[in-house]
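**Student:** Mind looking over this structure? Questions follow.
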Amino acid sequence: MAKIEEYIPIVGQSVIDDLRLIAEKLKGKVIQHINSTSVGGGVAEILNRMVPLLRELEVDTRWDLIKGGEQFFEVTKKFHNALHGRPEEITQRDFDIFMEASQRNIEEVNIYGDIVFIHDPQPITLIKKKSNNKWIWRCHIDVSNPNERVFRFLMNFIIQYDAAVFSTPAFSRKLPIRQFLISPSIDPLSDKNKDLADDVINGVLQKYNITKKNKPIVTQISRFDRLKDPQGVIEVYKQVKKYTNCQLILAGGSAMDDPEGAKVLEEVRENAKQDKDIHILKLAQNDIEVNALQRASTVIIQKSLKEGFGLTVAEALWKAKPVVASNVGGIPLQIKHKYSGLLCHSIQGAAFALKQLLNSPAYAKKLGENGREHIRNNFLITRHIQDYLLLFLSLYHKEDVVYL
Ligand code: UDP
């Protein structure tokens, strides 16, 4: 795990000095993060990096998980999709299953934090254990157009929190509690993002039987989830392939709290089986492999239909890769169209953008370089830690105006 000083060459001395100063003011407070999975997906990705760094700054930070069986995670995945605005039939039985499992967690999860930081809807009911400590609900989902029934249900709990955090202004809702807008981040020194030697990159390609064959590689790294639109990516690739020879990698693992993955993976495999230039990779949790695949790629695509923030976009841009990505969720915060990547709204649009990048390497390179600087200035973990520390402090200074 990187030490906090190692970030100085990347973000500058003053950023780290500021972090130490602010962290000092939180001495004696215990921060308790709670979510539903320790692996898979963006929330686990961030907490895995954030928790040790906060501890290094001597902010006593801990991380606990709730428990849930298959039925509970099926329901919470339905909630997740419905909150993203996807049509889902949610029954009273679903709410009952959610509440039954939640009740067990309420009984079993030990709450000891001065600040309890709850991520996403799965553990939201733990607020029932609120005493005189501070509670934050961190929403990583795009709730700009949610299924109202699910959102109203969650509102019963949200209003009991001291504050809510959303990733972008577009996601915020009218709420009777304080709201903060804090975008996620990536860790430039993690295995997922650090520089890699060419032989490591080539070793990973070899492991998956991928040869460069002078064919540019287009890659989407994502859980096999319909909202990531893997079938749409294949369609984009097919349209481009008529004009420009290339190969496609669709790579992803699963998340403990996402029961749909296996089915989607099977459908995608079926659709891709005729074409030897499409590589469908089921990854184990392995950050170096993700890093290597991103670095081996000519272009990264992220054709999500809905997205919270889209960490994979930040990861690709940090590697100075040209990216084609949907104009959804937090992606437009990261990609300024034609400056730090290309945004698209459809399969045709994505195919057009991808062709452009494959056929104009100098333009693609410039977009990638701009993208890297944009991530450096806005979406690295040091900025994220600073925002969280200021948020924690602000909970104890209600009257003050706090600029994040
Ligand atoms: N990821 C990974 N292995 C995979 C698929 C995804 O490590 O097989 C990582 C990916 O690199 C990123 C995170 O999981 O860091 C996904 O976050 P994102 O915000 O892109 O999407 P989410 O899965 O949270 O919807």
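The values are calculated or read from the model by the stated rules, or taken from the named source; none is laboratory data. For clarity, every value in this text was computed on a predicted model and none was experimentally measured. Every residue, glycine as well, gets a Cβ built from its backbone with ideal geometry; the counts of neighbours run over all protein chains shown. Just so you know, the surface numbers come from the protein's heavy atoms only, side chains and all, with ligands and any DNA or RNA stripped out. Shrake-Rupley method; radii C 1.70, N 1.55, O 1.52, S 1.80 Å.
**Student:** Over 21 Å from residue 395 (Cβ atoms), modelled with pLDDT of 95 or more and open to solvent by 70 Å² or more (accessible area, probe 1.4 Å): does that describe residue 108? Write out each step before concluding.
**Tutor:** On the way: over 21 Å from residue 395 (Cβ atoms): yes; modelled with pLDDT of 95 or more: yes; open to solvent by 70 Å² or more (accessible area, probe 1.4 Å): yes.
It is true that residue 108 is over 21 Å from residue 395 (Cβ atoms), modelled with pLDDT of 95 or more and open to solvent by 70 Å² or more (accessible area, probe 1.4 Å).
**Student:** Sticking with this one: In the range 122-141, what residues are open to solvent by 10 Å² or more (accessible area, probe 1.4 Å) and closer than 25 Å to residue 183 by Cβ?
**Tutor:** Result: 122, 134, 140.
**Student:** A further question follows. Restrict the check to the range 99-110 and report whether at least one residue is within 26 Å of the chain's Cα centre (by Cα) and either among the aromatic types (Phe, Trp, Tyr) or farther than 19 Å from residue 80 by Cβ (or both).
**Tutor:** yes
**Student:** Of (1) open to solvent by less than 10 Å² (accessible area, probe 1.4 Å); (2) more than 13 Å from residue 278 (Cα to Cα); (3) not hydroxyl-bearing (Ser, Thr, Tyr), residue 203 satisfies all except one. Which?
**Tutor:** Every listed condition holds for residue 203 apart from (1).
**Student:** Mind counting the residues in the range 245-257 that are in contact with a helix residue (DSSP H, G or I) (Cβ under 6 Å, 6 or more places away or on another chain) and farther than 18 Å from residue 296 by Cβ?
**Tutor:** The qualifying residues number 2.
**Student:** Out of the residues in the range 231-254 that are open to solvent by 10 Å² or more (accessible area, probe 1.4 Å) and of a type outside the set (S, T, N, Q), state the one that is nearest to the ligand (Cβ to nearest atom).
**Tutor:** Top of the filtered list is 253.
**Student:** From 353, 314, grab the single residue that is more than 30 Å from residue 132 (Cα to Cα), open to solvent by less than 10 Å² (accessible area, probe 1.4 Å) and within 14 Å of the ligand (Cβ to nearest atom).
**Tutor:** Only one candidate passes the filter, namely 314.
**Student:** Mind listing whichever residues of the range 29-56 are assigned to a helix (DSSP H, G or I) and either β-branched (Val, Ile, Thr) or within 12 Å of the ligand (Cβ to nearest atom) (or both)?
**Tutor:** Within the range 29-56, 42, 43, 44, 45, 46, 47, 48, 49, 51 meet the criteria.
**Student:** Sticking with this structure for a sec: Inside the range 197-230, can you point out the residues that are within 14 Å of the ligand (Cβ to nearest atom) and part of a loop (DSSP other than H, G, I, E, B)?
**Tutor:** Hits for the range 197-230 are 208, 222, 223, 224, 225, 229.
**Student:** Return yes or no: is residue 288 over 25 Å from residue 183 (Cβ atoms) and within 16 Å of the ligand (Cβ to nearest atom)?
**Tutor:** Yes.
**Student:** Check the range 324-341 and report whether any residue there is without any contact (Cβ under 8 Å) to a residue 12 or more places away in the chain and open to solvent by 50 Å² or more (accessible area, probe 1.4 Å).
**Tutor:** yes
**Student:** While we're on this one: Whether any residue in the range 275-296 is open to solvent by less than 10 Å² (accessible area, probe 1.4 Å), more than 22 Å from residue 189 (Cα to Cα) and not hydrophobic (A, V, I, L, M, F, W, C) is what I want to check.
**Tutor:** Scanning the range 275-296, I find no residue that is open to solvent by less than 10 Å² (accessible area, probe 1.4 Å), more than 22 Å from residue 189 (Cα to Cα) and not hydrophobic (A, V, I, L, M, F, W, C), so the answer is no.
**Student:** Restricting to the range 298-308, and then to whatever is surrounded by 24 or more Cβ atoms within 10 Å (Cβ to Cβ) and closer than 20 Å to residue 85 by Cβ, can you tell me which residue is farthest from the ligand (Cβ to nearest atom)?
**Tutor:** Among those that are surrounded by 24 or more Cβ atoms within 10 Å (Cβ to Cβ) and closer than 20 Å to residue 85 by Cβ, it is 303.
**Student:** Taking the criterion of being within 17 Å of residue 119 (Cβ to Cβ), open to solvent by 40 Å² or more (accessible area, probe 1.4 Å), in contact (Cβ under 8 Å) with a residue 24 or more places away in the chain and in contact with a helix residue (DSSP H, G or I) (Cβ under 6 Å, 6 or more places away or on another chain), would at least one residue in the range 22-36 satisfy it?
**Tutor:** no
**Student:** Same structure again: Listed residues 267, 289, 235; which is under 21 Å from residue 344 (Cα atoms), at pLDDT 95 or above and part of a helix (DSSP H, G or I)? Spell out how you get there, then give the answer.
**Tutor:** Working: 267 fails: under 21 Å from residue 344 (Cα atoms); 289 fails: under 21 Å from residue 344 (Cα atoms).
Answer to the selection: 235.
**Student:** Same structure, new question: Check whether at least one residue in the range 66-78 is open to solvent by 60 Å² or more (accessible area, probe 1.4 Å) and not in a helix (DSSP H, G or I), and report yes or no.
**Tutor:** Scanning the range 66-78 turns up at least one residue that is open to solvent by 60 Å² or more (accessible area, probe 1.4 Å) and not in a helix (DSSP H, G or I).
**Student:** Only residues that are among the hydroxyl-bearing types (Ser, Thr, Tyr) and open to solvent by less than 40 Å² (accessible area, probe 1.4 Å): list them for the range 4-21, please.
**Tutor:** 7
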